[in-house]
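The values are calculated or read from the model by the stated rules, or taken from the named source; none is laboratory data. If you're wondering where the values come from, they're calculated on a predicted model, not measured in any experiment. Backbone-built Cβ (ideal geometry, glycine too); neighbour counts: all protein chains shown.
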Amino acid sequence: MEFPSELIEEAVREISRLPGIGKKTALRLALHLLREKQSTTEELSAALLRLRKETKYCQTCHIISHTTDCVCRTINTDPSVICVVVDTPDMLAIRSTGQYKGMFHVLGGVISPIEGVGPEDLHIESLIQRIRSSEGEVKEVILALSATMEGDTTSFYISRKLEETGVSISTIARGIPVGGELEYADEVTLGRSILRRTAYQSGE
């Protein structure tokens, strides 16, 4: 693809690094910003810089927040259940169903030897410590990970680590297609999967 200027080419290159955006879409976005008022681009740039500089993570549940403490301690949250998810978008998808009132724990990824991601790179140990420090208040852990090989491997590892804590371990019902990502599931299917969760079987 030929570009009318090096500035456009540079903008397209950077925008197309975003997931799901190809060079054609990146070119349309770049040209759109070029047509808009300069203040629009400046406000967008400022918002992105603030996102990088000021975003924090809850020290308890690791959800993206503007403080170091967030929804894991909000009113009307059931402290006896923790739903384990890969990332914040999964938490938002589950919460939007209106079917789950418990707490969350974000792992920050899944175990993937191919990509060099091991258990020590995830927030698994903090989950174990969180349950231990609850002094029996946490009764159930829901493994709400995507139905992929990496998701199943991570669920298996966590279930083994949780055995010593004595908590009940469940997994969302497989209304979610195998190989599907949680954040892209529709709210009805995801809500039913939470309600119809089953006891976790390590041999599944």
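Things worth noting here:
- The C-beta contact set for region 108-124 (first residue touching a residue at least 12 places away in the same chain (Cβ under 8 Å) and surrounded by 15 or more Cβ atoms within 10 Å (Cβ to Cβ), second residue outside any loop (DSSP other than H, G, I, E, B) and of a type in the set (S, T, N, Q), distance under 7 angstrom, 6+ apart or interchain) comprises VAL110/THR154; ILE111/THR153; ILE111/THR154.
- Filter result for ALA47 (among the hydrophobic types (A, V, I, L, M, F, W, C), more than 21 Å from THR88 (Cα to Cα) and not assigned by TED's automatic domain parsing to the domain that holds THR88): no
- Condition check for LEU190: modelled with pLDDT of 65 or more and surrounded by 16 or more Cβ atoms within 10 Å (Cβ to Cβ): no
- Evaluation of GLU115 against the conditions (1) farther than 14 Å from ILE169 by Cα; (2) touching a strand residue (DSSP E or B) at 6+ places or on another chain (Cβ under 7 Å) shows that the sole unmet condition is (2).
- Exactly one residue among GLU125, GLU115, GLU150 is assigned by TED's automatic domain parsing to the domain that holds CYS83 and touching a Ser or Thr at 6+ places or on another chain (Cβ under 8 Å), and that residue is GLU150.
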